[in-house]
1. Order 60-66, 82-88 from most to least packed using the mean count of other Cβ atoms within 10 Å.
2. In percent, how large is the relative contact order of the range 15-77, given Cα pairs closer than 8 Å and 6 or more residues apart?
3. For T25 and Q11, compute 0.36 nm times the residue count separating them, minus their Cα-Cα distance, and round to one decimal in nm.
4. Kirkwood Rh, Cα Rg: Rg to Rh for the range 1-62?
Amino acid sequence: MEEISASPHGQELFDSNLTLSRDITTQSRRRLTTRIGEGLEEAAARAEIDLSAVGATAAELAALILATDEGVKATRGQDLTSATSLFLRVLSVAVSSQQAQSSNALR
């Protein structure tokens with residue numbers, strides 16, 4: 001994938017692919033956003049995270065997670081693993097419930 005994106009016609013290939021598979025890509029992204037949102041709702045129900053701490057719904061946060069992931073991937077040259085890890089650490093602190101924070105402090 002990296003070799004294609006780095007090639008002179010890489011972006012053109014990606015754009016053509018997106019045009020041809022837009023409906024499939026859109027449907028897959030929608031399903032992934034829904035699944036992530038469901039996971040966030042389940043975590044909130046178990047008091048593992050507090051969505052009210054960031055004033056967002058599970059669906060909004062799921063969309064932000066995917067958008068950030070796509071943005072990180074688009075910044076070629078940056079260490080993808082480090083950037084993703086940083087985002088997840090920030091997100092974890094932002095939505096951690098007081099109960100989860102207290103549990104982690106005891107460890």
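Just so you know, all these numbers are worked out from the coordinates, no wet-lab data involved. Here the structure is a predicted model, which is why all the values come from computation and not from measurement. Neighbour counts run over all protein chains shown; Cβ positions are idealised from the backbone, glycine included.
1. Final packing ranking: 60-66, 82-88.
2. On the way: 24 pairs, mean separation 19.2, N = 63.
That works out to 30 percent.
3. Values: separation 14, 0.36 × 14 = 5.04 nm, distance 1.67 nm.
The T25-Q11 span can extend by a further 3.4 nm.
4. Values: Rg = 17.2 Å, Rh = 14.0 Å.
Rounded to two decimals, Rg/Rh equals 1.23.
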